[in-house]
Amino acid sequence: MVKLSSMKKRESLASNLTFIALMSAINIIFAALMLFLPALSLILYLILPLVSTMTILFCKSKYLPIYYIVSIAVAFIINLNGLEYIIFTLIPSLITGTIFGLCIEKKVNIGITILVSSICQFLFSLATIPLINAIYTNNRDLISIFSSFLGEEKAHLTYKLFLPLTLVVSLTQNIISFLIISSEIVKFKIELNDSNHHYIAYSYLNALIVIVTLISIWLFDDLMFLLLSISIILFFLSLFSLKLKNNKWFILGGIIVSILGFVIFVLLSQFSLKLYAPFAIDFPILIFVLFDIIYYLFKNNKVDAKIIS
């Protein structure tokens with residue numbers, strides 16, 4: 001646990017509104033910059049969540065609707081002919097920053113915070129696909145364009161690859177944003193929860209995801225690679241937690257599993273990408289996860305036995 005003396009929320013109406021006005025002004029300034037420098041959108045997509053996180057941490061929740069309404073309304077007026085900034089940059093940043101702020105405030109583990117925010121961002125991205133189709137694609141939907149990049153021979157992989165790719169993009173954005181946020185908020189004496197007391201939850205959840213992934217090969221294969229991506233993400237979260245515990249043998253085992261899964265994936269995907277590829281990756285992960293769970297239960301039972309005796 002990174003424990004530092006915490007900075008208190010604003011108490012009075014005046015101090016809350018002043019801070020909200022400052023944070024809203026930052027969003028508005030960036031909205032104005034987008035009129036002249038649209039290339040900044042990618043950078044803003046990574047930085048803007050910090051503004052919302054600070055607002056969540058330092059203002060009372062009953063004043064937060066004012067922040068959201070002012071930020072969106074004024075940005076809408078400034079970018080009346082360019083709603084892309086509001087839909088694809090500002091609102092996602094508000095969502096990400098809000099989730100980060102709430103999770104940090106409630107002392108949620110860093111890994112879980114990033115995972116929850118990434119999934120929410122992923123769902124929002126899927127929800128905005130109709131808007132993207134209406135604004136950008138000139139009577140062609142985004143999925144069809146993505147399919148054309150794959151080519152006719154791999155067109156059947158469109159949904160299988162589009163969904164995990166969207167999730168990976170969301171995860172990458174959230175990791176970078178959280179790194180930026182965490183590096184800044186510690187300057188304000190904020191407490192971050194980097195404990196790993198509940199690391200085994202990753203293994204339990206991963207075991208379930210792996211089983212569902214293998215079932216999806218036959219029942220709903222369009223979601224197969226999405227579930228596979230979630231399984232890999234949870235696997236690396238487990239490794240990260242084990243690193244915090246300085247468990248060298250498990251880390252070594254995780255690295256071996258990663259290499260083994262990749263090698264088998266490359267070899268078997270030449271025969272059947274649908275069947276063998278997910279099995280080649282998930283089976284080594286499942287072995288690692290089950291071993292982790294058994295070790296955890298055995299260790300806890302051993303500790304309980306010592307306490308009783």
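Since every read-out is calculated from the coordinates, none of them should be taken as a lab result. Bear in mind the structure is a predicted one, so any value in this text is a computation, not a measurement. FYI the Cβ positions are ideal-geometry reconstructions off the backbone, even for glycines, and counts take in every protein chain you see.
Structure note, pairs LYS106/LYS160; LYS60/LYS160; LYS62/LYS160; LYS107/LYS299: Cα-Cα distances above 32 angstrom occur for LYS106/LYS160; LYS60/LYS160; LYS62/LYS160. Highest-first packing order for the peptide set 112-119, 48-55, 127-134, 176-183 is 48-55, 112-119, 176-183, 127-134, based on the mean count of other beta carbon atoms within 10 Å. Annotation: extensible slack from LEU165 through ILE215 equals 15.9 nm (criterion: 0.36 nm per residue apart, minus Cα-Cα distance).
Applying 1/(1 + (r/R0)^6) with r as the Cβ-Cβ distance of ASN300 and VAL116 and R0 = 30 angstrom yields a FRET efficiency of 0.70.
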